[in-house]
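**Q** Below is one structure. I have some questions about it.
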Ligand code: NG6
Ligand code: CA
């Protein structure tokens, strides 16, 4: 089946921990991102694109299911051996597109769990992206700082030698005393940890979790960008004659930040800047493949990030001292893990040359809305239980309307939520430290409610909770009502 304007290809390029201020087109200085800047110039650049959460697993869960992450108590930063948290055969974005005849592929960071709780890495895996709507998958299980440090194709670890089976453990104690850890053998490290990340050493970098075996299958961090890029391009090449959906989840700029030789030292911002430059290059190479295959015009390319930025996320890679005057979250307060806007407001770009005129949009869009908006684009009905928090924002996404969400719930750590309504954000009282000392991030947690007017105070500096007790009461009640309910999107037509 040939693609055309009513059945465009869809690609989601998803960065890991890229902040609102990290790209040139969002005001970054000192980190060249020419390819993403060009993508922005050729399409729509959103100033109010939001992940549903300030960490990876919950945000990705929402993107694929159209549900707020706190609806699923397991949608929290997962260990590398956690079971799949998306119900098999549930109505996900890839499942919707697969049903509509699209070839569906997943490349890159997964972090939504694998298997059914009895994971054996040496046998075909019971639950993988293939069980939630993808025809093909080439992934890492969790994050680049978590074991197992291997690639998985469809259901199997790539390049595994059966004589050297993989064992993985997230127990408190190292069950593999013969495997050196960062804690015991710092002399073996080429990149030292700053906090956490002191367990099994792989490629001279200690990780989260313990691992033994699988030596032939271990990834080389510096090759990861090219490996995923190659797989993403191969998927597009293989499916160029039919409509396709590709979810290409890049690993940059998540820790450990180990760019390929080409990008080591490419920016004055140190490793974090270098891997953002590398991310930009990957996007450029990927877009060039669309051009070469004559697919650019009829392909909707969405670019976004799973959560806000962090400088020191556990390795001594000099991200803090080399940051200089670069502001990874731009004008926003907080970053990754935070309930402030810097945690969830991220770059969001959409290019579709056949139908979308370039511009800038201030419509509030959440990644949760991609599901219903795609269904709307393709004229596909959504099951009543599909995407309980997914709004059809197609007109806003295509630049035909300035109206996005009026209301949005976002989550920091551990399902603690804030609510946005129009210009107002309420962060209810939540127990916990106001500041993450290791990461240098303001969490937004406080014993009193906080209320901010984003129109007058984008940087969330002036807390108006004491002055506007009426709004605090109204928004608190609304948040409680939302959390007690089972959906926020209408089950029928979903235009807000
Ligand atoms: C944290 C890790 C951090 C990162 C994060 C998940 C420590 C001390 N910190 O627990 O390095 O891996 O989890 O990041 O272990 S995310 O982008 O996948 O949400
Ligand atoms: Ca992330």
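Every number here is computed from the coordinates shown, using simple stated rules; none is lab data. Note that the structure is a prediction, hence the values are computed from the model and not measured. Cβ atoms come from the backbone with ideal geometry, glycine included; neighbour counts cover every protein chain shown.
**Q** Do you know the relative contact order of the chain, to the nearest whole percent, from alpha carbon pairs under 8 angstrom that are 6+ apart?
**A** Normalised by residue count, the contact order of the chain is 23 percent.
**Q** Could I ask something else about it? Over the alpha-carbon set of region 191-350, divide Rg by the Kirkwood Rh and report the Rg/Rh ratio to two decimals. Don't skip to the end; give the middle numbers.
**A** On the way: Rg = 17.4 Å, Rh = 17.5 Å.
My calculation of the ratio gives 0.99.
**Q** How much FRET efficiency would the formula 1/(1 + (r/R0)^6) give for residue 466 and residue 437, where r is the Cβ-Cβ distance and R0 is 35 Å, rounded to 0.05?
**A** Values: r = 28 Å, r/R0 = 0.79.
Working from the Cβ atoms, E equals 0.80.
**Q** Hey, another quick one. At 7 Å along the Cα-to-beta-carbon direction for both residue 474 and residue 176, put a label point, then send me their distance in nm to one decimal.
**A** Inter-label distance under the simple model: 5.7 nm.
**Q** In the P(r) worked out for region 275-319, what percent of Cα pairs fall beyond 16 Å?
**A** Everything past 16 Å amounts to 56 percent.
**Q** Continuing with this model, one more query. Highest mean first, how do 482-491, 209-218 rank when packing is the count of other Cβ atoms within 10 Å averaged over residues?
**A** Sorting 482-491, 209-218 by mean packing, highest first, produces 209-218, 482-491.
**Q** Pull out the extension gain between residue 100 and residue 288, defined as 0.36 nm times the separation in residues minus the alpha carbon to alpha carbon distance; nm, one decimal.
**A** 65.0 nm
**Q** Same structure, new question: Find the relative contact order for region 407-484 and round it to a whole percent, using C-alpha pairs within less than 8 Å whose residues are 6+ positions apart.
**A** Averaging sequence separation for qualifying contacts and normalising by length gives 23 percent for region 407-484.
**Q** Would any residue of region 252-272 have its amide N under 15 Å from a label point 7 Å out along Cα→Cβ of residue 220? List them or say none.
**A** 258-264
**Q** With both partners inside the chain, how many of the DSSP beta bridges are antiparallel, as a percent to the nearest 5?
**A** 55 percent
**Q** Hey, what's the per residue convex hull volume over the C-alpha atoms of the chain, in cubic angstrom?
**A** Hull volume over Cα atoms, normalised by residue count, gives 134 Å³.
**Q** Report the semi-axes of the equivalent ellipsoid for region 407-484 in whole Å, largest first, where each axis is √(5λ) for an eigenvalue λ of the Cα gyration tensor.
**A** Largest first, region 407-484 gives 19, 15, 11 Å.
**Q** I've got another one for you. In cubic angstrom, how much convex hull volume per residue do the alpha carbon atoms of region 87-147 span? All intermediate terms of the calculation are to be shown ahead of the outcome.
**A** Details: hull volume 5.1 nm³, N = 61.
Cα-based convex hull of region 87-147, divided per residue, equals 83 Å³.
**Q** Between residue 195 and residue 406, what is the FRET efficiency for a Förster distance of 30 Å, r being their Cβ-Cβ separation, to the nearest 0.05?
**A** 0.15
**Q** Quick one: pull the percentage of alpha-carbon pairs in region 115-270 with a separation above 26 Å. Walk me through the numbers before you get to the answer.
**A** Values: 3853 of 12090 pairs.
I get 32 percent for the Cα pairs in region 115-270 exceeding 26 Å.
**Q** Take region 256-411, drop everything but the C-alpha atoms, weight them equally and run the Debye formula without solvent; then report log10 I(q)/I(0) at 0.08, 0.10, 0.12, 0.20 Å⁻¹ to two decimals.
**A** Once normalised to I(0) and log-transformed, intensities are -0.31, -0.48, -0.68, -1.30.
**Q** Quick one: P(r) of region 328-448 from all Cα-Cα pairs, 5 Å bins, percents rounded to integers, in order of increasing distance.
**A** Here the calculated profile for region 328-448 is 2, 10, 17, 19, 17, 14, 10, 7, 3, 1, 0.
**Q** Still on this structure: At q = 0.15, 0.26, 0.29, 0.34 Å⁻¹, what base-10 log of I(q)/I(0) does the Debye formula yield for region 401-445 when every alpha carbon is treated as an equal point scatterer in vacuo?
**A** -0.47, -0.95, -1.06, -1.22
**Q** Rounded to the nearest 500, what is the 222 nm mean residue ellipticity of the chain from helices alone, with -39500 (n - 2.57) per DSSP H run of 4+ residues and division by all residues?
**A** Value at 222 nm, helices only, nearest 500: -6000 deg cm²/dmol.
**Q** What are the radius of gyration and Dmax of region 1-104, computed over its Cα atoms and given in Å?
**A** When restricted to Cα atoms, region 1-104 yields Rg and Dmax of 16.6, 45 Å.
**Q** Taking the Cα atoms of region 300-364 alone, what are Rg (to one decimal) and Dmax (as a whole number) in Å?
**A** 14.9, 45
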